[in-house]
Amino acid sequence: MADEKKKLVEIKNLDIVFNKGKRNETKAVQNATFEIFEGETFGLVGESGSGKTTIGRTIMKLYDPAAGEIDFDGMDVENLKKKADLKRFRQSVQMIFQDPQASLNMRMKVKDIIAEGIDVNGLAKDDADRSAQVEKLLEIVGLNKDHSSRYPHEFSGGQRQRIGIARALAVNPKFIIADEPISALDVSIQAQVVNLMKKLQKERGLTYLFIAHDLSMVKYISDRIGVMHWGKMLEIGPAEQVYNKPLHDYTRSLLSAIPVPDPQAELARQPIDYDPTAEVNGTEREMVEIVPGHFVWASADEVPMYQERAREYGLL
């Protein structure tokens with residue numbers, strides 16, 4: 001995939017630090033390196049506080065990195081200073097937020113929420129064109145054009161998230177960061193929203209960074225998966241391999257904690273304990289390609305262990 005597809009997003013040695021130099025300094029992300037190819041969905045998983053959302057917001061230029069580089073479509077995101085370049089970047093990169101209620105202005109009508117990007121970027125010729133675009137976007141996300149005159153509080157959580165998706169699509173972006181877009185929704189609605197996102201990706205050639213902690217859903221929508229813990233990227237690989245043949249101990253532990261919808265199988269399930277102290281013992285580690293396209297954060301001494309694990313899975 002790396003040889004065939006264009007790198008749309010490239011993250012290099014990214015460090016993100018909050019309250020730098022103060023007593024409560026927090027290293028939210030440390031030395032993260034990965035790329036997202038055009039047209040794919042890159043799933044980013046890990047427990048709460050692992051740094052997933054922080055990376056997404058930093059790509060959006062909502063946070064400033066302490067070190068490292070973020071490239072988007074050939075542009076160095078950190079050095080975008082000109083107003084025209086920033087405008088082009090923000091039109092190309094959009095975000096779908098976790099809480100569909102908090103991310104929508106409850107005092108604005110749906111048509112004005114969706115049309116904000118259209119107005120800012122001058123994408124409508126006149127009011128009639130603006131209304132037509134909004135109605136088309138509502139139709140695309142599975143809502144009625146009559147919904148445009150209503151307020152967000154008149155909709156269910158799933159419908160509000162569809163409004164958020166329509167708002168993101170309004171400026172015809174190339175890349176969408178979906179920050180846990182289904183975690184606040186009923187289980188019965190989650191699949192509908194994810195299927196809508198897959199459909200839109202196919203129709204519009206979109207690229208996604210899909211941030212979540214539900215590994216089953218991430219496997220369903222993602223082409224590749226990155227696993228984070230304590231601000232570090234521990235494993236990156238094809239979704240099928242990471243889910244069914246995980247190499248890093250943390251990924252194995254995370255997967256072993258997933259409940260099984262079968263009482264007998266659930267009783268037999270053996271969670272795998274993970275000792276995180278290995279991450280902070282001072283040993284020099286880096287992302288190592290154990291098998292083609294499958295990387296693990298490892299020291300030189302640990303590489304043979306991961307290679308042996310890959311052989312056991314039949315990957316080598």
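The values are calculated or read from the model by the stated rules, or taken from the named source; none is laboratory data. As the structure is a computational prediction, the values presented were derived from the model and not from experiment. Backbone-built Cβ (ideal geometry, glycine too); neighbour counts: all protein chains shown. Each accessible area value is taken on the protein alone, full model and side chains, heavy atoms only, with ligands, DNA and RNA left out. Shrake-Rupley method; radii C 1.70, N 1.55, O 1.52, S 1.80 Å.
The phi torsions of region 270-282, fed into the Karplus equation with coefficients 6.51, -1.76 and 1.60 and a -60° offset, translate into couplings of 10, x, 9, 6, 10, 9, x, 4, 4, 6, 10, 8, x Hz, rounded to whole numbers, with Gly and Pro shown as x. For region 147-217, the list of trypsin sites (Lys or Arg not before Pro) that fall in a loop by DSSP and count at most 16 other C-beta atoms within 10 angstrom reads 150. Extension gain for residue 313 to residue 191 (0.36 nm times residue separation, less C-alpha to C-alpha distance): 40.9 nm. For region 39-97, the alpha carbon positions stretch 37, 28, 20 Å along the principal axes, listed from largest to smallest.
Note on the chain: dipole from Cβ charges, positive end direction compared against 173, 270, 254; the farthest Cα belongs to 173.
The local environment of residue 290, defined by Cβ-Cβ distances under 15 Å, has a net charge of -2 under the rule Lys, Arg +1 and Asp, Glu -1.
In this simple spin-label approximation, residue 283 and residue 127 carry label points 7 Å from Cα along the Cα→Cβ vector, and these lie 6.8 nm apart. Its convex hull of Cα atoms gives the chain a direction-averaged projected area, equal to a quarter of the hull surface, of 18.9 nm². With respect to the chain, whose longest principal axis is taken over its alpha-carbon atoms, helix 157-169 is tilted by about 80°.
So if I average 1/r over every pair of distinct C-alpha atoms in region 1-85 and take the inverse, what Kirkwood radius in Å does that give?
About 13.9 Å, per the Kirkwood formula over Cα pairs.
In the chain, the longest principal axis of the Cα atoms and the axis of helix 127-140 are about 40 degrees apart.
With the convex hull constructed from alpha-carbon coordinates only, region 148-271 shows a mean projected area of 9.7 nm² over all directions.
Amide hydrogen proximity for residue 43: with H placed 1.01 Å from N in the peptide plane, the residues at 5 or more positions away or on another chain lying under 5 Å are 210, 223, 224, 225, 226.
With the convex hull of the Cα atoms taken as the outline of region 208-313, the averaged projected area works out to 7.3 nm².
Only Cα pairs under 8 Å and 6+ residues apart enter the sum, and on that basis the relative contact order of region 23-158 stands at 17 percent.
Distance distribution note for region 1-159: the fraction of Cα pairs above 26 angstrom is 44%.
On a C-alpha basis, how far is the centre of region 233-266 from the centre of region 2-81 in Å? Whole number, if you could? What the calculation gives is 24 Å, centre to centre.
Taking the C-alpha atoms only, the angle from helix 83-92 to the longest principal axis of the chain is near 80 degrees.
Between residue 198 and residue 83, residue separation times 0.36 nm minus the direct Cα-Cα distance comes to 38.2 nm. Distance between the modelled labels on residue 116 and residue 75, one decimal in nanometres: 1.9 nm (7 Å Cα→Cβ projection). Here the sum of -39500 (n - 2.57) over DSSP H runs of 4 or more residues, divided by the residues of the chain, equals -10500 deg cm²/dmol at 222 nm, to the nearest 500. By accessible area, using a 1.4 Å probe on protein heavy atoms only, region 47-88 has 46% of its surface on carbon and sulfur.
Largest GNM mean-square fluctuation among 284, 266, 154, using the chain with Cα springs under 10 Å: 266.
For region 133-183, report the % of Cα-Cα distances exceeding 16 Å. Result for the distance tail: 38 percent.
Contact order for the chain, expressed relative to its length and based on alpha carbon pairs under 8 Å spaced 6+ residues apart, stands at 19 percent. For the cross-link pairs 20/174; 20/219; 12/109; 20/87; 20/245, the ones whose C-alpha atoms lie over 31 Å apart are 20/174; 20/219; 12/109; 20/245.
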